[in-house]
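The values are calculated or read from the model by the stated rules, or taken from the named source; none is laboratory data. Only a predicted model underlies this, so the values are computations on that prediction, with no experimental measurement involved. No Cβ is skipped: glycine too gets one built from the backbone with ideal geometry, and neighbour counts run over all protein chains shown.
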Amino acid sequence: MHDDAPPPPDADAPPGERLSLPKEISALFADLPGLLSDRVHLLSLELRRASNALGQMVALGLLAAILIATAWITLWVGLAAAFLAVGLAWPWIVLLVLFINLSAAAWAVLRVKALAPLLALPATLRQLTSAAAAERHDESNHPHG
């Protein structure tokens, strides 16, 4: 493995002229606030950029939802016009569109209900609770005192 880091400034100095360990440690502690503030500043800038990106994503998602809803309505208006051209009466067309849309909505609701338990992170909870239960079981069987 090749190390690209430059050598310390006193690496070539004779042993008597090198910084002592306490001086190196104090120099490191002197640099810590600057390193920490740089990292906090970077985090602040990235959080600001991320919040701007999230705002744009939400706005674009809302725009996409509006456009998709408009396209969906247009599709059904076109199908209704086609059914009218074939000679189907308006009440039957409305019932057909209503039935198809309500069926799709019911499927979506059932799918959401099936997915909802996954939000509770069941595998993680199972793992954490079984590990905690195992620790309690071990402690009750092998008291430390």
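For W72, the conditions (1) more than 31 Å from the chain's Cα centre (by Cα); (2) surrounded by 10 or more Cβ atoms within 10 Å (Cβ to Cβ); (3) not small (G, A, S) all hold with the exception of (1). Exactly one residue out of I25, I93 is modelled with pLDDT under 95 and either surrounded by 10 or more Cβ atoms within 10 Å (Cβ to Cβ) or touching an Asp or Glu at 6+ places or on another chain (Cβ under 6 Å) (or both), and it is I25. Taking segment 110-145 as the range and being surrounded by 10 or more Cβ atoms within 10 Å (Cβ to Cβ) and under 23 Å from the mean Cα position of the chain (by Cα) as the test, the residues that pass are R111, L121, P122, L125, R126, Q127, L128. Contact map, segment 105-118: first residue in the same structural domain as A69 (by TED's automatic domain parsing) and outside any helix (DSSP H, G or I), second residue at pLDDT below 95 and surrounded by 10 or more Cβ atoms within 10 Å (Cβ to Cβ), Cβ cut-off under 9 Å, separation 6 or more or different chains; the map is empty.
Only one of the numbered conditions (1) part of a helix (DSSP H, G or I); (2) of a type in the set (A, V, I, L, M); (3) touching a helix residue (DSSP H, G or I) at 6+ places or on another chain (Cβ under 9 Å) is not met by L88, and that is (1).
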